[in-house]
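**Q** Questions regarding the structure given below will be posed in turn.
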Amino acid sequence: MAEGPVLDAVCFLGGRVPAIELAAAAAGARIVHGIAHARFSSIVVVDLGSTRDSRRAGADVAAARAVAPRDSFILLWNICADSAASLRHSAFVEGANMVSGDGSAVETVFRQILGMSRRGTLVCPFCDRQGLTEDDLWKHCPLFHVYQPNRTMQCPCCQEVCTMPRVPFPVHLRNEHGPCARGEVAKETSTGIFGIVLCRRRNGHVLLVQEFAGLGFWTPGGQVDPGESLCAAVARECEEEAGVAVTLTGIVDINVRSLSGGRLWRRVVFVGEPQDENACPKSIPDFESAGAVWADPMELEQLPLRGDEPLTYYRMLQKGVQVMPLQIPPEFQEVFADVPF
């Protein structure tokens with residue numbers, strides 16, 4: 001493994017990729033080719049073309065990771081990346097930082113990486129990259145290390161020891177530093193109210209989010225912010241986590257659990273469809289997710305899932321379960337009386 005990367009060099013392995021060469025040039029990067037240059041490049045591009053071979057994806061990424069600097073960014077370029085869930089997972093497990101077939105997303109990431117100031121005093125606790133400011137670290141960690149399992153580590157900004165499962169370091173970093181600390185981005189607030197959406201294309205393929213920290217794939221969705229409506233929250237989460245605008249069409253399930261202190265845990269499971277049938281799921285890693293993918297429902301049993309919900313609910317839909325209208329059913333209206341719909 002090499003040390004001391006050339007910070008503005010993008011190295012291509014496996015052939016020329018015109019779309020990425022254009023992105024690299026637009027971002028002001030130097031373009032080099034071959035394994036010898038990978039040892040000294042800050043960005044390494046592994047070209048996998050159009051294959052869906054997940055084993056090859058993992059092997060090619062592992063080979064690149066073995067020679068590249070520890071703090072390099074490895075991009076697996078694959079034009080099927082938005083519909084190849086197993087390939088995405090294999091690549092991230094072996095050390096890829098991003099899997100994409102979207103040239104505009106790649107250019108955005110190259111600009112982010114090359115635009116970091118390099119004038120700070122902080123060191124990344126994952127890869128030991130030096131010279132980071134607090135804002136650099138806030139951008140660097142989810143972009144470079146979104147798939148790293150959560151573990152106890154010390155925050156380089158404030159020295160707080162972030163322990164599992166109380167507050168993982170990425171959650172602490174997001175909420176207590178950088179833009180959140182300045183009030184430019186809202187901190188995450190617990191409300192105990194959740195919504196998820198089963199989003200399907202007309203061809204039956206389903207939208208799955210590749211969760212952070214290597215937790216597996218799951219349905220888009222999340223927690224309702226204070227004062228936010230359920231429908232608005234689910235639509236927002238789908239765009240943030242998966243990069244897809246969704247139209248909600250109904251409800252398939254509602255879950256309510258009693259917690260200590262008289263509190264409730266509440267969740268609504270929506271059904272929806274993409275506003276654009278050709279929507280390309282997100283591929284830029286951030287605090288929300290590692291990206292997203294359109295998956296064949298037949299794949300679900302073979303994929304690592306964060307929970308059983310995708311498999312359970314998509315089976316229900318395939319069997320023709322009745323989808324309820326887009327409103328809280330009468331028997332749950334009292335429980336959800338304080339939640340805008």
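The values are calculated or read from the model by the stated rules, or taken from the named source; none is laboratory data. Keep in mind that what you see is a predicted model, and the values were worked out from it rather than measured. In this analysis, Cβ positions are derived from the backbone assuming ideal geometry, glycine residues included, and neighbour counts consider all displayed protein chains. Ligands, DNA and RNA are stripped out before the accessible areas are found, and what is left, the full protein with its side chains, is counted by its heavy atoms. Shrake-Rupley method; radii C 1.70, N 1.55, O 1.52, S 1.80 Å.
**Q** Could you pull out every one of the aspartates and glutamates with an alpha carbon less than 19 Å from that of Lys319, ignoring same-chain neighbours closer than 8 positions?
**A** The reachable aspartates and glutamates, counting only those whose Cα sits under 19 Å from Lys319, are Asp253, Glu273, Asp296, Glu299, Glu301, Asp308, Glu309.
**Q** Which of rounded, prolate or oblate describes region 157-296 when judged by the alpha-carbon gyration tensor and an a/c cut-off of 1.5?
**A** Oblate shape, in that a/c is at least 1.5 and b/c is the bigger or equal ratio.
**Q** Just to confirm a number: summing +1 for Lys and Arg and -1 for Asp and Glu over residues other than Gly34 whose beta-carbon lies under 15 angstrom from that of Gly34, what do you get?
**A** Here the charged neighbours net out to 0.
**Q** Just by accessible area at a 1.4 angstrom probe, what is the order of Thr163, Thr249 from largest to smallest?
**A** Accessible-area ranking of Thr163, Thr249, largest first: Thr249, Thr163.
**Q** Next question. Which order do the peptides 208-219, 109-120, 170-181 take when ranked by the mean count of other beta-carbon atoms within 10 Å per residue, highest first?
**A** Highest-to-lowest ranking by the protection proxy: 208-219, 170-181, 109-120.
**Q** Same structure, new question: Regarding the chain, what are the three Cα extents along the principal axes, ordered largest first, in Å?
**A** In descending order, the Cα extents are 65, 46, 30 Å.
**Q** If you take the Cα atoms of region 240-341, find Rg, then find the Kirkwood Rh from the mean of 1/r over all pairs, what is Rg/Rh?
**A** When Rh is taken as the Kirkwood radius, the ratio is 0.99.
**Q** Kirkwood hydrodynamic radius, computed over distinct alpha-carbon pairs, for region 111-188: how many Å, to one decimal?
**A** One over the average 1/r among Cα pairs gives 12.7 Å for region 111-188.
**Q** Same structure, new question: Accessible surface of Lys139 in the full protein assembly, 1.4 angstrom probe, to the nearest 10 Å²?
**A** Here the residue's solvent-accessible area equals roughly 110 Å².
**Q** Note down the net charge around Leu215, summing +1 for each Lys or Arg and -1 for each Asp or Glu among other residues with Cβ under 14 Å from its Cβ.
**A** For residues surrounding Leu215, the net value is -2.
**Q** Can you compute log10 of I(q)/I(0) for region 1-124 with the Debye formula, treating each Cα as one identical point scatterer, at q = 0.09, 0.18, 0.22 Å⁻¹?
**A** So the normalised log intensities work out to -0.22, -0.88, -1.29.
**Q** While we're here: Which percentage, to the nearest 5, of the DSSP beta bridges contained in the chain is antiparallel?
**A** 50
**Q** Along the charge dipole of the chain, Cβ charges K/R +1 and D/E -1, which of Val46, Pro310, Phe341 sits furthest on the positive end?
**A** Val46
**Q** Tell me, Kirkwood radius of region 46-178 from alpha-carbon pair distances, in Å?
**A** Every distinct Cα pair counted, the radius reaches 15.7 Å.
**Q** Right, something else. Just to make sure I understand: if all protein chains stay in place, what is the order of Met164, Met153, Met298 by accessible area at 1.4 Å, largest first?
**A** So the residues, ranked largest to smallest area, are Met298, Met164, Met153.
**Q** List the lysines whose Cα lies under 17 Å from the Cα of Lys187, skipping any in the same chain that are fewer than 8 positions away.
**A** Result set, ordered by chain and number: Lys139.
**Q** Rank by packing, highest mean first: peptides 142-151, 85-94, 320-329, with packing defined as the count of other Cβ atoms within 10 Å averaged across residues.
**A** Ranking the peptides 142-151, 85-94, 320-329 by packing returns 85-94, 142-151, 320-329.
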